[in-house]
Amino acid sequence: MKQIYLICVAGLSTGMMVQKMKAAAKEEGYECEIQAVGSAMAENIASKADCILLGPQIRFEYDNIREATGEVPLAIIDMKDYGRMNGKAVLEQAKALMGEA
């Protein structure tokens, strides 16, 4: 089962996006675990993550998180999809990042 992590400053603002993504995954029968965490947890989750998505509000932390997470697929959530809470689009972004799209 794929492990998808969303990172924001404290892990709170991405909580709603996680719920939207879980609903989209359930609708299409895609089995995965999706969790939101704070940026301080990046190094701790790297060994468990199949991909990591950053909230657009912390895109400035990309290089630091890349360094902490090594080779784990990493991307910034599209600001438009994040603003619209488009869980389906963000799930598709995660799947593409993992080579599943």
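Taken together, the values in this text are just the output of simple stated rules run on the coordinates, not laboratory data. Given the structure is predicted, the values throughout are model-derived calculations rather than measurements. Note that we place each Cβ from the backbone using ideal geometry, even for glycine, and neighbour counts take in every protein chain shown.
Work out the length of the dipole vector of the chain about its Cα centre, built from +1 on the beta-carbon of each Lys and Arg and -1 on the beta-carbon of each Asp and Glu, and round it to the nearest 20 debye. With only Lys, Arg, Asp and Glu charged at Cβ, the dipole is about 340 debye. Here the label points at Glu71 and Gln57, each 7 Å from Cα along the C-beta direction, are separated by 3.4 nm in the simple model. Hey, what D do you get for the chain in µm²/s if you plug the Kirkwood alpha-carbon radius into Stokes-Einstein at 10 °C and 1.306 mPa s? The calculation lands on 122 µm²/s.
Per-peptide packing, taken as the mean over residues of other Cβ atoms within 10 Å, places 50-56, 68-74, 78-84 in the sequence 50-56, 68-74, 78-84 from highest down.
Close amide-amide hydrogen proximity is noted between Leu54 and Ile7, Ala75, Ile76, Ile77, each under 5 Å apart and 5 or more residues distant or on a separate chain (H modeled in the peptide plane; Pro and chain starts excluded).
The mean sequence distance of close C-alpha pairs (under 8 Å, at least 6 residues apart), as a share of the length of the chain, puts its relative contact order at 33 percent. Taking a ≥ b ≥ c as the square roots of the eigenvalues of the Cα gyration tensor, segment 53-101 is oblate, since a/c reaches 1.5 or more and a/b is not larger than b/c.
Rounded to the nearest 500, what is the 222 nm mean residue ellipticity of the chain from helices alone, with -39500 (n - 2.57) per DSSP H run of 4+ residues and division by all residues?
-11500 deg cm²/dmol
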